[in-house]
Each structure stands twice: as structure tokens, then as C-alpha cells.
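The values are calculated or read from the model by the stated rules, or taken from the named source; none is laboratory data. Given the structure is predicted, the values throughout are model-derived calculations rather than measurements. Positions of Cβ are backbone-derived with ideal geometry, glycine not excepted, and every protein chain shown enters the neighbour counts.
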Amino acid sequence: MTIQRMDNVLIVVDDLDAVISFFVELGMELEGKMPIEGRWVERVIGIDDVRQDIAMLRTPDGHGRIELAMFHTPKAISAEPKDAPANTLGIRRIMFAVDDIEDVVARLRTHGAELVGELAQYEDVYRLCYVRGPEGIIVGLAQQLS
């Protein structure tokens, strides 16, 4: 075997606290938040003079993680339009399985989230939607029906 597991996905953000609140409302658990700097991180990511704050969140089952990073130096740069459409190259969304999709959408709206398209049903199997949250982060939600 070449890998053991997928450890985490990194999302670089401007407002760390707002994005933490969004993912906590979704049901993720904050494992920790801390500053990161020094030669070791500069060597790993290939950027000099790095100073950032990071937060690690995990899914309730403990198997999935999202790492959030807010760069103080150097400042983060934008590589695409703020609200990039679904066909933009690169990572477009993170998908989560949920029990009650309408409840989750309603709770995420209190954190500024908006539906990207519509809440749709695929046959008698799933109800699905994409939600755009803070920083333009797109989260897919899937509620299994059968």
C-alpha cells in the first residue's frame, strides 16, 4: 500500500474565526488553533518569512480533517475569482454526508452561506446541494434517502 489514509485538506482563509464558526456549525469539532512560524514550516511549504495561524477541525467520526490557515506574512494571494463557478480548475468543493440537509442549510445560512444552485434529488437515493460559505468556500451536502 502506498498511503495509509487521507489526513487533511488545507484551506487558506482571510478570516479564520468566521470559517471555524462555519465548519463548527456544520458539525465539525475544533481540535486546536495555534500560530505557526519558523524555518521548518518555510522549508516544508517553500515560502520564506512565514507567519500564520492554523486551526484543525475533524469530522465527528474522527476520520476526516480540515486544516485552516490564515497567513500574516506573506499575505495570502487570490488565484481565481472570489466566487468561482463549479467548472473552475482546481478543488471546487468538500462533500459531507448529513442526516437532515434542510436543517444543515438553515443553520449554515446563519453564517452567511447561500445555495450555489438548488437543493435537488437524485432518484430515490440522495438529496444534494452545494452551499457557498465564508471566503467563497463551497461545501457539498448529501442526505442519503435509501
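At-a-glance table
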{"read-out": "Considering residues of segment 1-55 that are modelled with pLDDT of 95 or more and basic (Lys, Arg) only, the residue surrounded by the fewest Cβ atoms within 10 Å (Cβ to Cβ)", "value": "Arg51"}
{"read-out": "Residue check, Asp49 acidic (Asp, Glu), in a strand (DSSP E or B) and more than 15 Å from the chain's Cα centre (by Cα)", "value": "no"}
{"read-out": "Yes/no for Leu89 being farther than 14 Å from Ile137 by Cβ, outside the structural domain of Gly133 (by TED's automatic domain parsing) and of a type outside the set (Ser, Thr, Tyr)", "value": "yes"}
{"read-out": "Matching residues in segment 98-125 - criterion: being in contact with a strand residue (DSSP E or B) (Cβ under 8 Å, 6 or more places away or on another chain) and part of a helix (DSSP H, G or I)", "value": "Ile101, Val104, Val105, Leu108"}
{"read-out": "Tally of residues being assigned to a loop (DSSP other than H, G, I, E, B) and over 14 Å from Arg58 (Cα atoms) across segment 6-35", "value": "3"}
